[in-house]
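> This is the structure, below, for whatever I ask next.
The values are calculated or read from the model by the stated rules, or taken from the named source; none is laboratory data. Everything numeric here is computed off the predicted structure, so don't read it as measured data. Accessible surface areas use protein heavy atoms only, side chains included; no ligands, DNA or RNA. Shrake-Rupley method; radii C 1.70, N 1.55, O 1.52, S 1.80 Å.
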Amino acid sequence: MASIVLLGLGLAGYSAWLLEFFMPTGVSLTDQPVWDLFYAQPVFQLATGIGGLAFFLTGPTLMRLAPVHWTGRLTSVSVSAFGIVLMVYAGVPETVVTPNLLNAAFALGALSLVFWWPAGWRAWAVGGLVVVLIAWALVVVSMLAGHLEGLFTRIQLVVHAVEIVIGGAYVVQTPVPVSGRKMSVAGAMLRSNRHRK
């Protein structure tokens, strides 16, 4: 439950850029990157910082759901790392390297899901990773071209939001054992065999 609440709060803060459709900002939707909103209204910076804090706190709660092997733990670490970088960026938006760190942390988290989500969910993980990487590539190309960066950074945030929603859906349907830690498939099979004896 804590994971869902924190993920929801993180997503709300990360999606605060949508408020630009309801308040004057003077920021171009097509040519200025979404992060330029930080300079237009303080509410965007504050909301993004809160979202980052929520993602940072989500990481440890996801440890209870991830399998014990490193790929599952990598997802939790990636979520927390994404939250830390998001808070830094909200506090010091002039930092040039931070957007790349944000993209790298998000892509790493999306990649880690491919290795440990079960078969039924793995297709979502693979599709999500592909779209995340395409969105990142479009942002890089638009930055180099000096045109449409605003459009593609906003598309990227929509892609990230959808990926977070898919992750939240996985968390919702994943039962947490009484011990508080999700077992690996092998562990669940061993326990089942013991009960049969």
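> Using the heavy atoms of the protein chains alone and a 1.4 angstrom probe, what is the accessible area of segment 122-165 per residue in square angstrom?
In whole numbers, segment 122-165 has 52 Å² accessible per residue.
> May I pose another question? What whole-number value in Å² describes the accessible area per residue of segment 1-102 for a 1.4 Å probe?
47 Å²
> For the chain, what does the relative contact order come out to in percent, with C-alpha contacts under 8 Å and a separation of six or more?
25 percent
> Also: Out of the total accessible area of the chain (probe 1.4 Å, heavy atoms of protein only), what percent is carbon and sulfur?
The nonpolar share, carbon plus sulfur, comes to 75 percent.
> Would you mind getting the Kirkwood hydrodynamic radius of the chain from its Cα pairs, rounded to one decimal in Å?
Answer for the chain: a Kirkwood hydrodynamic radius of 17.6 Å.
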